[in-house]
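Read-outs: derived from the displayed coordinates by stated rules, not from any lab. Given the structure is predicted, the values throughout are model-derived calculations rather than measurements. FYI the Cβ positions are ideal-geometry reconstructions off the backbone, even for glycines, and counts take in every protein chain you see.
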Amino acid sequence: MGSKGRILEYLRRRRSATGPEIAGQLGISRQGVNLHLRALLDSARIVRTGVTRGARYMLAAHAPPGSAMARALPTRGLDEGREWDDLAARFNLHKVLRPNVEAIVHYAFTEILNNAIEHSESDRCAICLRLDAGSVSFEVRDPGIGVFQSIVSKLRFADEETALIELLKGRTTTLREAHTGEGLFFTSRIADRFVLRSHRIRVEWSHHRGDVFAAKCRFLRGTTVQFEIQRSARQRLQDVFGEYAPEEYDFQFRKTRVLVKMLQRDYVSRAEARRLLANLEKFREICLDFDGVHSIGQGFADEVFRVFAGRHPDIAIRTENTNAVIDAMIRHAAAG
C-alpha cells in the first residue's frame, strides 16, 4: 500500500487527524505528508477543517453535513453586490474561508449573478450557496433566453454549438458597451469545478482533471451555472488575471487558450480552420491546445499557421499537447 493509501486507511480508523499526527504515526516526513495531503485534497478524497496549525483532515465521507441557503429573487433592481454581502455575513465567510478562497467566490458569485440580471431576459432567478467542511459552492439559475441562444440571436451565430465555442475563447459578450466578456471566462478558469448548462448543452470545467467536457443533455430552459472550490484551494484570483491579462499586455485580456478538441478530434479543411479561428484576431497571444486531437490536414494547417499567421503577424500562436503527426504538418505549413 502506498503512502496515500496508508493515510486514507489511517483516517478511516481515526476519523480525523492533524498533519503532524499523520506524519508521526505513519513514519512519513512532514514534507512528504504535506505533498500527499495536498494531492488527496485536490482529488476531493479528503477534506480539511480549520487552518494553519489547527487544521484537521478527514475522509470526505466522514465530513459533517454542510449548511446551505437558497433564494428566489426578482431580477429587476437586483444588486449582486448586496446579495453577496448578505450571504457572506450569514455564513461568516470572512472568518471561515481563506482570504484567497473568499476573494474567488466573491468575484465568481457577483459575476455570474450579474450575468443573470443583465443577460437572461428573465424577470426572476434563483440562487443557492452551500458551505461544506471541504468546499464552498453556489448555483445561479434563471428561466430566461439561455446563454448560448442569447449569443446566437444577438451576435448572429449559426447555432448554439458555435456560440459555445466562441464563449470558450473568451471576450464574447452581447453587451460590449457595458461588458468585456471576461467574467465567465475567468470564473470558469479559477473554479475547481464549473458547470454551465443551457438548453441541450452542458459544459464542465474540471480543475483537478485539467480539462473541459461538453455534452448534449435533456432540454433545460434558461441557464444554470454551478461553481465549486475547495476550501483548501491555493489558487488566487490574481493568478488567472496574470495568466490571461498579463503586465506585458497592460493587464488587458489579450491571451486565450483554445481547446481544439471541443469542435472535433480530426481536422482537414480550411473551412474547419476558419471556424476555429473566428474572432481570435482580437487577441495578442493564442494557445491552441491539441490535447485529444488525432490529426490535422494540410489545408487546415496551412490556413492556421501560414494564412492566418501571415495576416496577423502581431499575434503569437503557440501550440500545446501536439503529437508527431500534428507537429510534422505544422512544420510543413509554416515552411510553406
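A few remarks follow.
- Gain on full stretching of the segment that runs from Ala39 to Phe251 - 0.36 nm per residue minus C-alpha separation: 73.1 nm
- At q = 0.15 Å⁻¹, base-10 log of I(q)/I(0) for the range 41-127 (Debye sum, equal scatterers on each alpha carbon): -0.71
- Here the range 104-166 is treated as a Stokes sphere of Kirkwood radius computed over C-alpha pairs; at 25 °C and 0.890 mPa s its diffusion coefficient rounds to 188 µm²/s.
- Rounded to the nearest 500, the helix-only mean residue ellipticity at 222 nm of the chain stands at -11500 deg cm²/dmol, with each DSSP H run of n ≥ 4 adding -39,500 (n - 2.57).
- Label-point gap, in nm, between Asn279 and Ala55 - each point 7 angstrom along Cα→Cβ: 4.0
- 3J(HN,Hα) from dihedral phi, the range 155-172, Karplus parametrisation 6.51/-1.76/1.60, rounded to Hz, x for glycine, proline: 10, 6, 7, 6, 7, 6, 5, 5, 4, 4, 4, 5, 5, 5, 6, x, 6, 9
- In terms of Cα atoms, the Rg and Dmax of the range 10-92 work out to 18.3, 60 Å.
- At R0 = 30 Å, FRET efficiency that the Cβ-Cβ distance of Arg221 and Asp79 yields, to 0.05: 0.75
- Calculated Cα extents along the principal axes in Å (choose from (i) 87, 44, 40; (ii) 63, 52, 41; (iii) 54, 51, 37), label: (ii)
- Centroid-to-centroid, using Cα positions, the range 1-67 and the range 198-224 are 31 Å apart.
- The value obtained for the range 188-336, namely the Cα convex hull volume divided by the number of residues, is 136 Å³ per residue.
- Sites matching trypsin sites (Lys or Arg not before Pro) across the range 41-139 that sit in DSSP coil, with at most 10 neighbouring C-beta atoms within 10 Å: Arg76
- When each of Asp250, Asp192, Asp291 is scored by the number of other beta-carbon atoms lying within 10 Å, the sequence from fewest to most is Asp250, Asp291, Asp192.
- Two-site label geometry, Glu121 and Arg13: point separation in nm, points 7 Å out along Cα→Cβ: 6.2
- Likely footprinting exposure, Val195, Val47, fewest C-beta neighbours within 10 Å first: Val195, Val47
- When each of His94, His332 is scored by the number of other beta-carbon atoms lying within 10 Å, the sequence from fewest to most is His94, His332.
- Using all pairs of distinct alpha-carbon atoms, the Kirkwood hydrodynamic radius of the range 67-238 works out to 16.3 angstrom.
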